Amino acid sequence: MDMTTKKPSKSPSEKDLEVTEEIKKAEQGQSQQRGKNAKQMQSEKRTGLGKNTSAYWQGRIFKPVTRGIESPHYFMQTSYKGRRVGFTLGTSNKDAAAIKAAEIYRDLVFKGVEATLAIHRPQKTKSESVATIGEWITAAKKVLGVNDATFNQYAASLRKIAGDILAVKKTKSRFGPKSGGASEYRMAIDSLGLDALTPVAIQHWRLERVRKAKTPKDVSSAKTSCNSTIRQARSLFAPKVVKFMQGLRLPEATPFEGVEFYEKQNNRYSSKIDAGEIVTAAHNQLAKANPQAFLAFLLAIGAGLRRGEIDGLCWNQIDTKRGIIKVEVTDQAGLKNSDSQGEVDIDEDLAKLLQGFKARAKAKDGDFVIQSDAVKVEKRGPQSWGQKYRANAVQDALVEWLRNYEQGGIKPLEKVQKPIHELRKELGSLMQKEHGIYAASRALRHSTVATTAAHYVDKKERTVVPIGSFIAPANVVQMPSATNSKATTAKKKQA
């Protein structure tokens, strides 16, 4: 027969007393380390209940109230070694909450403040795996304070670099959002991890882009394109974005960290057209055949409006009597940025032309200036795949005409990427010639004059020193013309 007797189990109060004695010993040891003597220890106040007991916390825990709403869970606050800390107790049961509070205090004594915070108030831990491109883009959109059009450019630039580096299969269907090709292409890239975008891989990407260029002009264009694409994609990893990315882990080498840029290329606008000739040609070829495309042409070259501004412009924004177009945010359309807002002066004849268009269309003030042939007017604005225009067919027709426009036997805008925007640049160039760079900057609604001078304005007038006039006519030998040379050769053959 087993004569072993079981020890009687201890009540919660006895356990609390034991823990209290352990805490007292720990506190005494700490006090002695601080140089306290026995006399000082005896003079300290003692209470009947220690902070390590649940009974102590019964009357000290509470449910905090935030903005008039009481929390469902109890909360505790305490000071330890001069540091005040608080913990949510995770329960609405007061007895259970008091026991939890006592446990937390015991951890403060035996483990210290930092360890207790790590145990009972842990921060959201980041995933062990590196975030995917799609996860990062989705999370960045929630914390990056830019408009949708700008963010979409950032995301498209990141996907462009990633797609090239990882050799994601490209098909023409990726340019067709309605057929689903664009979403499939994005999904293929978004599923890939950010660890593939190492600084070395990005560096190789930019060098390879330039190596593929065949002419010096193409090299310059490729360098500008690389700089712009990297700068936009890198914006998604700015410190103001990364600090809010809880739960997402970046690779050890952050994408774009230390990646270099090419030297800045000369992007100053070089005029390819004669304004008078192209306006006359547009009037002769478009005014009757496609009046809406001709109207869009006038707004681009006559007022310097961007493609999106033309698409969203309403008649109540045009004051034909004062000769002013108000470019502003409306219920129908936004703007590129806050600097884009402003009043644009137009000449008297253009104002009359616009008034005629409005009268013929019997348009109301709230109607769009450019009419759309679409039966259903779809939502316009920035999309994940690019910019969606309400009257896209009209502007596409204008783009096609501009690329086929001939001047002097050549097509000057045939290979221009944004021919409608080229009309805006031409206006800025003409404005600078007639009224100076400050007037041009105001007409184009740039944020600074430096932007106008660096990108858009071309020197239209000749600035020369008459060196040839210093030479006496008697010392100049006249060169035979090409016509005379051919005639002389023909006579020699006949002889």
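When the stretch 420-435 is filtered for residues that are more than 23 Å from Gln371 (Cβ to Cβ) and either in the same structural domain as Thr224 (by TED's automatic domain parsing) or surrounded by 13 or more Cβ atoms within 10 Å (Cβ to Cβ) (or both), the ones remaining, listed by number, are Glu422, Lys425, Glu426, Leu427, Gly428, Ser429, Leu430, Met431, Gln432, Lys433.
Can Ala275 be described as crowded, with 20+ Cβ neighbours inside 10 Å, in contact (Cβ under 8 Å) with a residue 40 or more places away in the chain and out of contact with any strand residue (DSSP E or B) (no Cβ under 8 Å at 6 or more places or on another chain)?
no
The set of residues in the stretch 63-95 that are of a type in the set (A, V, I, L, M) and more than 15 Å from Asp107 (Cα to Cα) comprises Val65, Ile69.
Only one of the numbered conditions (1) surrounded by 13 or more Cβ atoms within 10 Å (Cβ to Cβ); (2) touching a residue at least 40 places away in the same chain (Cβ under 8 Å); (3) outside any helix (DSSP H, G or I) is not met by Gly247, and that is (1).
Give the stretch 420-467 a look and list any residue that's among the charged types (D, E, K, R) and modelled with pLDDT under 80, or say none.
Filtering the stretch 420-467 for residues among the charged types (D, E, K, R) gives 422, 424-426, 433-434, 442, 445, 458-462.
Answer for the stretch 420-467, where residues must be among the charged types (D, E, K, R) and modelled with pLDDT under 80: Asp458, Lys459, Lys460, Glu461, Arg462.
Right, Phe87: in contact with a His (Cβ under 6 Å, 6 or more places away or on another chain) and modelled with pLDDT of 90 or more or not? For Phe87, the condition - in contact with a His (Cβ under 6 Å, 6 or more places away or on another chain) and modelled with pLDDT of 90 or more - is met. When Ala222 is tested against (1) part of a loop (DSSP other than H, G, I, E, B); (2) within 19 Å of Ser157 (Cα to Cα), only condition (1) is not met. When Gly29, Gly68, Gly59 are screened for being at pLDDT 85 or above, exposed (fewer than 12 other Cβ atoms within 10 Å of the Cβ) and out of contact with any Leu (no Cβ under 7 Å at 6 or more places or on another chain), only Gly59 passes.
Of all the criteria given as (1) touching a residue at least 12 places away in the same chain (Cβ under 8 Å); (2) surrounded by 13 or more Cβ atoms within 10 Å (Cβ to Cβ), the one not satisfied by Ser447 is (2). Looking at the stretch 157-176, which of the residues that are surrounded by fewer than 15 Cβ atoms within 10 Å (Cβ to Cβ) and part of a helix (DSSP H, G or I) is modelled with the highest pLDDT? Residue satisfying both the conditions and the ranking: Lys172. Taking first residues from the stretch 421-441 that are within 17 Å of Leu305 (Cα to Cα) and partners that are in a helix (DSSP H, G or I) and acidic (Asp, Glu), no Cβ contact under 7 Å between residues at least 6 apart in sequence or on separate chains turns up. The criterion of being surrounded by fewer than 10 Cβ atoms within 10 Å (Cβ to Cβ) and at pLDDT 80 or above holds for Gln417. Taking helices (runs of 4 or more DSSP H) as the structural unit, those lying wholly within the stretch 59-156 and holding at least 2 residues that are within 30 Å of Arg186 (Cα to Cα) correspond to 133-143.
The values are calculated or read from the model by the stated rules, or taken from the named source; none is laboratory data. Since the structure is predicted, the reported quantities are computational estimates derived from the model, not experimental observations. Cβ: placed from backbone, ideal geometry, glycine included. Neighbour counts: every protein chain shown.
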